[in-house]
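Structure first, commentary second.
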Amino acid sequence: MMYDYILFDFDGTVYDTVEGITKSVRYALNKHGWDAELADLRCFVGPPLDEMFMEKYGVSREMGLRLTEEFRERYKPIGVYESRPFEGIGELLSALRAAGKKTAVATSKPQYLAEHLLERAGLRALFDVVCGSEPTGGGNAKWQVTERALNALGADRARSVLIGDTRWDVEGAARVGIPCIGVRYGYAAPGEMEAAGAIAMAEDTEELLGLLLPQSASCLGAADRRTQKTAE
């Protein structure tokens, strides 16, 4: 199946944000006398934070929202900058755009933060649409931001796909009637996305390009081989 409307999750798919997010989660936990190893907090990268606080620590929604606000005390001035685009993501997006594909970000991250990081990395122009959670904190479920991104693109859902790195992406895509391709370089536990129903998995951005643009990937591979042969 060839897709003309390609939506991307942000954290763990376009941007490596694990350092800033996990350190800021630990900051919020520390305010209440709790602590955790950073490696145990990788699950917070991607899903709505209040829901993950509730799921992982069994707190009430009120407490989940409070922890999320305390998370932002560190994340906004410091953690947001402890991040970087994944290797090859710019080249992947450029290839998709050159092939005439429409691209969007659909993220539970506040939209202004996603926009800011994309602008900072010089990637904003490679997306037709960026949809994130609203300033009030509402409308941040994965299916809701994905729905908004599809509508903003004017997308045909039969030719649309979401690229993500956790089960939250697979489940959100399914709810709005589109498939999800997973990336293994993100933050899901092994087998998590396959169990949730991802239609395919990519090890890296090069393999993802091969899934989305088979002909282009083949041409790129041939060019790489020619370059290597010349070097030899």
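The values are calculated or read from the model by the stated rules, or taken from the named source; none is laboratory data. None of the values given here were measured: they were computed from a predicted structure. When we count neighbours, we look across all protein chains shown, and the Cβ atoms used for this are built from the backbone with ideal geometry, even at glycine.
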In region 131-149, anything closer than 22 Å to L92 by Cα and surrounded by 24 or more Cβ atoms within 10 Å (Cβ to Cβ) is listed as C131, T146, A149
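Do we find that S94 is among the small types (G, A, S) and within 30 Å of N30 (Cα to Cα) in this structure? I'd like the intermediate steps shown before the answer.
On the way: among the small types (G, A, S): yes; within 30 Å of N30 (Cα to Cα): no.
For S94, the condition - among the small types (G, A, S) and within 30 Å of N30 (Cα to Cα) - is not met.
State yes or no: is E51 in a helix (DSSP H, G or I) and either on the phi > 0 side of the Ramachandran plot or not assigned by TED's automatic domain parsing to the domain that holds G164 (or both)? Break it down stepwise before answering.
Working: in a helix (DSSP H, G or I): yes; either on the phi > 0 side of the Ramachandran plot or not assigned by TED's automatic domain parsing to the domain that holds G164 (or both): yes.
Yes: the conditions hold for E51.
Say we look at region 141-192 and pick out the residues that are of a type in the set (A, V, I, L, M, F, W, C) and in a loop (DSSP other than H, G, I, E, B); which of these is farthest from D128 (Cα to Cα)? Write out each step before concluding.
Filtering region 141-192 down to residues of a type in the set (A, V, I, L, M, F, W, C) leaves 141, 143, 145, 149-150, 152-153, 155, 158, 161-163, 168, 170, 173-174, 176, 178, 180-181, 183, 188-189.
Among the residues that remain, those that are also in a loop (DSSP other than H, G, I, E, B) are: 141, 155, 176, 178, 188-189.
On the way: A141: 21, A155: 12, V176: 20, I178: 19, A188: 27, A189: 30 Å.
Once the filter is applied, the top-ranked residue is A189.
I need the full set of residues from region 112-153 which are of a type in the set (G, A, S) and in contact (Cβ under 8 Å) with a residue 24 or more places away in the chain, in order please.
Correct list: A114, A121, G122, G132, S133, G137, A141, A149, A152.
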Within region 135-147, the count of residues that are out of contact with any strand residue (DSSP E or B) (no Cβ under 8 Å at 6 or more places or on another chain) and either under 24 Å from P77 (Cβ atoms) or not charged (D, E, K, R) (or both) comes to 5
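Looking only at region 1-47, which residues are of a type outside the set (D, E, K, R), assigned to a helix (DSSP H, G or I) and under 23 Å from F86 (Cβ atoms)? Steps first, answer last, please.
Taking region 1-47 first, the residues of a type outside the set (D, E, K, R) are 1-3, 5-8, 10, 12-15, 17-18, 20-22, 24-25, 27-30, 32-34, 36, 38-39, 41, 43-47.
Of the ones still in play, those that are also assigned to a helix (DSSP H, G or I) are 18, 20-22, 24-25, 27-30, 38-39, 41, 43-44.
Residues satisfying the conditions are V18, G20, I21, T22, S24, V25, L38, A39, L41, C43, F44.
Quickly run through region 58-74 and pick out the residues that are in a helix (DSSP H, G or I) and in contact with a Phe, Trp or Tyr (Cβ under 8 Å, 6 or more places away or on another chain).
Restricting attention to region 58-74, the residues satisfying the condition of being in a helix (DSSP H, G or I) are 61-74.
Residues satisfying the conditions are M63, G64, L67, T68, E70, F71, E73, R74.
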Exception for L153 within (1) at pLDDT 95 or above; (2) within 18 Å of P47 (Cα to Cα) falls at (2)
When every residue in region 86-111 that is within 15 Å of the chain's Cα centre (by Cα) and part of a helix (DSSP H, G or I) is compared, the one nearest to F44 (Cα to Cα) is Q111
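Looking at region 112-133, which of its residues are out of contact with any strand residue (DSSP E or B) (no Cβ under 8 Å at 6 or more places or on another chain) and assigned to a loop (DSSP other than H, G, I, E, B)?
Quick first cut of region 112-133, residues out of contact with any strand residue (DSSP E or B) (no Cβ under 8 Å at 6 or more places or on another chain) only: 116, 119-120, 122, 125.
If the condition is that a residue be out of contact with any strand residue (DSSP E or B) (no Cβ under 8 Å at 6 or more places or on another chain) and assigned to a loop (DSSP other than H, G, I, E, B), then G122 is the only one that fits.
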